[in-house]
Amino acid sequence: MNNNTPELTNKIAREAASLLYSGAEKEFKQAKQKAAKTFKCKFLPTNLEVAIEFDRIAEENEGPARIQHLIKMRKEALRIMNILNAYNPILIGSVWRGTIHHESDIDIRVYHDEPSDILNALKKDDYKIVRTEWTNVTEKGQKRTSFHAYLESLTQERIEIIVRSHEDLSRKEKCEIYGDEITGLNMKQLERTLGENPAKRFLPF
C-alpha cells in the first residue's frame, strides 16, 4: 500500500503512537518505521502527527486522572526548582508542555559547571539519585556535553536533571517534535501557571 492518503497517514501515526505509548519502541523514528512496515507503506508521518495521536491515546487511557497527575508533577518540579534556584532551572519536556502520560518523568535543565554541586543540593533534600551519566551531542559540527542525573522523589516521581554549562544559557534549541523553540518555564513562570491555570498546555497550536 503506497497511496499516501490522510486516512493512511492517520493510521500509521496512530500505530507509531501506540508503539511508543506501550513502550514497545522508545524513539519516534523507529516507531514510525515499524508502523509504516505494518501497513506496507514507505511513507512516514511527521513527529507532530505521531505526537497528536500519542496525546489522544494517553487521554483515552488515563482520563481525568491525567490532569491531576500533571498538576502533582508540576508542584514537584517547583519544589526541585526552588532547591536549584541558584542554577537557573528551567522546566522542559512533557510536564512543561502539559502532555504527560503514565510513564512521564520531570525534566529540569540547569546551568552550572560543577555537577557535583547540583547532586549535593539534591541529596540534602532526600532525593534518591538512581544513576548519572555524561552525554555528548554534535550539532552543526560542534560537540556539546551535558551531565544527566536521574532521581526519584519521596512521592516516587521520576526526575531527570540536565546540567549544562553557563555558556549554554543563551543557546536556543528547536523541538524535534513540535518544531518550535524549547523555552520551558522558569520558576516564576511555573509559579504563575500553577496559580492561574495549573493544567495549561504550552503547544505551538
Please find, within region 111-144, the residue that is nearest to Glu173 (Cα to Cα) out of those that are of a type in the set (A, V, I, L, M, F, W, C) and touching a helix residue (DSSP H, G or I) at 6+ places or on another chain (Cβ under 9 Å).
Trp134
Search result, residues across region 175-194 that are crowded, with 17+ Cβ neighbours inside 10 Å and not in a loop (DSSP other than H, G, I, E, B)
Leu185, Met187, Leu190, Thr193, Leu194
Report those helices (runs of 4 or more DSSP H) wholly inside region 1-98 carrying at least 3 residues which are in the same structural domain as His112 (by TED's automatic domain parsing) and surrounded by 17 or more Cβ atoms within 10 Å (Cβ to Cβ).
65-83, 93-97
Scan region 163-185 and tell me whether some residue there is under 15 Å from Ile90 (Cα atoms), in contact with a Cys (Cβ under 6 Å, 6 or more places away or on another chain) and either outside the structural domain of Ser104 (by TED's automatic domain parsing) or not polar (S, T, N, Q) (or both).
yes
Could you tell me whether any residue of region 123-130 is closer than 29 Å to Glu62 by Cα, touching a Phe, Trp or Tyr at 6+ places or on another chain (Cβ under 8 Å) and in a strand (DSSP E or B)?
yes
Looking at Val110, Val137, Val163 in this structure, which one is in contact with a Leu (Cβ under 8 Å, 6 or more places away or on another chain) and not charged (D, E, K, R)?
Val110
Which numbered condition Arg201 fails, given (1) among the charged types (D, E, K, R); (2) assigned to a strand (DSSP E or B); (3) outside the structural domain of Arg97 (by TED's automatic domain parsing)
(2)
Under the condition of being surrounded by 12 or more Cβ atoms within 10 Å (Cβ to Cβ) and basic (Lys, Arg), which residue from region 115-137 is nearest to Asn88 (Cα to Cα)?
Lys123
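The values are calculated or read from the model by the stated rules, or taken from the named source; none is laboratory data. The structure displayed is predicted, hence computed values, not measured ones. Cβ coordinates were reconstructed from backbone atoms using ideal geometry, including for glycine residues, and neighbour counts include every protein chain displayed.
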